Amino acid sequence: MSDRHNAKAATIAPPQRAQQDLLALGIAVAATIMVAGIAGSALTQIWYKASGIGFGPDQLLTNALLLNIALVIFGWRRYDDLHNEVVSHRQFEAQARLMAQTDPLTGCLNRHSITPATDQLITESRERDEIVAFVMVDINNFKQVNELNGHAVGDAILAELAGRLSSIMPAGALVARLGGDEFACAIPFNPAQGERIGHLAEAIIDTIGQPIAADVFEGEISAAIGIARCDRLNRMGTAPADAAALLHMADIAMYQAKKHGRNHVMWFEDTMETELRYRCELEAGIRVGIARGEFVPYYEQQVDLTTGEILGFEMLARWHSPAFGVIAPDVFIPIAEEIGLIADMSECLIAQALRDAREWDPRLTLSVNISPFQLRDPWFAQKVLKLLVAANFPPHRLDIEITETSLHQNIAGVHSLVTSLRNQGISISLDDFGTGYSSLAQLRKLPFDRIKIDRSFVTAMRDDPDSRTIVETIAALGKGLGLPITAEGVENAELLENLRELGQFKGQGYFYGRPQPADATRILLAERHLLAEVTSELGLASPSECNATDQTVRRTA
Ligand code: C2E
Ligand code: CA
Ligand code: CA
């Protein structure tokens, strides 16, 4: 623990309390006065006796004098003992207080002490016409650093970073470790020179990114920074922000900075607060919505572009939220992934889709989208099999879409997963192809059954020659590798014609209609005579937790 860090923690002085044993002191003082009084007469009598004109001090006076001398000695010794005790007690208290205010690993202030210290700093700065910037620093991917290198290395890195942070702080600034890999600095500054804080934030990013001693850690460290200043109003808009409000605002700004990637700095804006509140409401809504069956499958036709025949449907999730209305998956899937609920949600949706698809003509396929998070689950293939068995749905009718971008995160894992799913008879499509820069080698290595050209290329191919070239190249690639192709985003007849010229594709898009809920899909299929003939056998599958409510939500949709 460095002295510099300690000094920062010690800036909050404890209130001085006088602790003295008045009784012991009183006894000693009273006895001293009495000794002085008695000793006067006793000494006079002793002097008379020595001069031969008296009888010397009487017995009672002598005893009283000796008793008082004993009392003085006792009183002063007791006072001295107690005084020493109080001093060591005070030292112990100061040590305990320092420990309670200090992060033991780094010697910085901790989460508890930074708030009162910042409030004190705000008050002091105001007297100098200065304000305080609260800078929140979050180290990116520190959990991984800990997991890969061990906690001892993690601790050494945190201590080193704390030292670097403190070393670049201006005089009077506070540095705290809020816990884990989060640091905070409270920095007084002249409000006319706000750019100084911006430069300091850049310096923080820079110092954190400097290499750590090679024998400790060789990787790269980056950070996200959120800043709030105390001349903004608090959340109620009633008063300038205090330390607690600053911490809250800087935290929100830091969260936004994190979303923008590595080494990003963001100043707090009021809109961030609204966004965060909306996001929290979405999160809470998703948590309860899964159990209530508010996530329902919609279906988009997949068509033979040459004949116009329906070959199957892609299931696309929708959230029928009582609070927000119908919400698209681009909004809720990333949140469900982040809060660890994507697997539960997806399994409910797939279970429901399998039950819906059993009512369709058995030649029709069902495609479902899978999140990269689910691909990391070693039990994923077993879970899919269980859902198929529960719905009594033949595996060869199920197609699983894996996005191209998710391949790179875990190519070995995806390879074994794809192999085991295909061994069960399920087919696998490579979704959004063209957006993820897959290499040819990867494409050859992974046993996909189909490639889906990303809709951005298809919808742009009419006006943008590059997009048209990409679509043509993918078509040729598919032919060369023997992989059938689906074109997404077939929006109009002209695009359809363009695609037909390039070969025989499966296609899907708004030209064939928007994704529809199960009821509307069933009506469409009934019109085309594409419903399963034996309907009496349907509905035998055991209802899952999200089944019963799903039906209700879909009926009322
Ligand atoms: P995706 O798999 O690429 O799905 C196609 C998206 O394009 C759908 O958007 C669909 O409504 C939209 N689309 C279809 N035809 C056209 C067209 O002609 N023009 C245009 N501009 N767009 C068209 P949606 O339903 O909003 O889904 C967005 C993405 O959300 C999907 O992209 C998919 O990656 C993801 N998603 C949907 N459902 C699920 C799910 O259950 N699980 C997971 N993990 N992801 C899902
Ligand atoms: Ca898809
Ligand atoms: Ca797609």
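The values are calculated or read from the model by the stated rules, or taken from the named source; none is laboratory data. Since the model is a prediction, treat every value here as computed from it, not as a measurement. All Cβ positions, even for glycine, are placed from backbone atoms using ideal geometry, and neighbour counts span all protein chains on display. Protein only, heavy atoms only, side chains kept; ligands, DNA and RNA dropped before computing areas. Shrake-Rupley method; radii C 1.70, N 1.55, O 1.52, S 1.80 Å.
Compute the helix-to-body angle for 493-502: its Cα long axis versus the longest principal axis of the chain, expressed 0 to 90° and rounded to tens. Helix 493-502 and the main axis of the chain meet at about 80 degrees. Taking the helices alone, the chain has a mean residue ellipticity at 222 nm of -17000 deg cm²/dmol, built from -39,500 (n - 2.57) per DSSP H run of at least 4 residues and averaged over all its residues. Taking the DSSP bridge list for the chain and keeping only pairs wholly inside it, about 60 percent are antiparallel. Couplings for the range 255-266, taken from phi via the Karplus curve 6.51 cos²θ - 1.76 cosθ + 1.60 with θ = phi - 60°, read 4, 5, 4, 4, 5, 7, x, 5, 6, 9, 10, 10 Hz in order; Gly and Pro are left as x.
If the chain linking SER51 and ASN84 were pulled fully straight, counting 0.36 nm for each residue of separation and taking away their Cα-Cα distance, it would gain 7.3 nm.
What separates the Cα centres of the range 416-445 and the range 238-301 is a distance of 34 Å.
Under the 0.36 nm per residue contour assumption, what length would be gained going from the current alpha-carbon distance of GLN59 and HIS260 to full extension?
Details: separation 201, 0.36 × 201 = 72.36 nm, distance 9.52 nm.
Using 0.36 nm per residue and subtracting the Cα-Cα distance, I get 62.8 nm.
Quote to one decimal, in nm, the extra length available between THR405 and ASP304 on full extension: 0.36 nm per residue of separation minus the C-alpha distance between them. Let's see the in-between values first.
Details: separation 101, 0.36 × 101 = 36.36 nm, distance 2.63 nm.
Here the segment from THR405 to ASP304 would lengthen by 33.7 nm.
Of all beta bridges DSSP finds with both residues in the range 279-556, what is the antiparallel percent, to the nearest 5? Display every interim value, and only then the final one.
Numbers: 17 of 38 bridges.
In the range 279-556, DSSP labels about 45 percent of beta bridges as antiparallel.
Using R₀ = 30 Å, calculate the FRET efficiency as 1/(1 + (r/R₀)^6) where r is the Cβ-Cβ separation of ARG111 and ASP215; round to 0.05.
On the way: r = 31 Å, r/R0 = 1.03.
Using R0 = 30 Å, I get an efficiency of 0.45.
Put a plus charge on the Cβ of each Lys and Arg, a minus charge on the Cβ of each Asp and Glu, and nothing anywhere else: the dipole of the range 279-556 about its Cα centre is then about 640 debye. Against the chain, whose longest principal axis is taken from its Cα atoms, helix 59-101 shows a tilt of about 20°. Modelled label positions at ASP206 and GLU472, each set 7 Å beyond Cα in the direction of Cβ, lie 5.0 nm from each other. Which FRET efficiency value, to the nearest 0.05, do you get for VAL29 and ASP129 by plugging their Cβ-Cβ distance into 1/(1 + (r/R0)^6) with R0 = 56 Å? For VAL29 and ASP129, the calculated efficiency is 0.60. Extending 7 Å from the Cα toward the beta-carbon at both GLU497 and SER41 defines two label points whose distance is 13.5 nm. Determine the share of the chain's accessible area contributed by carbon and sulfur atoms, expressed in whole percent, with a 1.4 angstrom probe. Roughly 57 percent, rounded to a whole number.
Surface exposure of the chain, expressed per residue as accessible area with a 1.4 Å probe, stands at 51 Å².
Once you order the gyration tensor axes a ≥ b ≥ c over the Cα atoms, which shape class does the range 310-464 get: rounded for a/c under 1.5, otherwise prolate or oblate by comparing a/b with b/c?
Numbers: a/c = 1.28, a/b = 1.10, b/c = 1.16.
Rounded shape, in that the Cα axes give a/c under 1.5.
Here's how it looks for ASP231: its modeled amide H is under 5 Å from those of VAL132, which are all 5 or more places away or on a different chain.
Using only Cα atoms, tell me the angle between helix 195-209 and the longest principal axis of the chain; keep it within 0 to 90° and round to the nearest 10. Between the helix axis and the principal axis of the chain, the angle is about 80 degrees.
What order, most packed first, do the peptides 284-291, 81-88 have when packing is the mean number of other Cβ atoms within 10 Å of each residue?
Working: 284-291: 17.4, 81-88: 12.4.
Packing order, densest peptide first, comes out as 284-291, 81-88.
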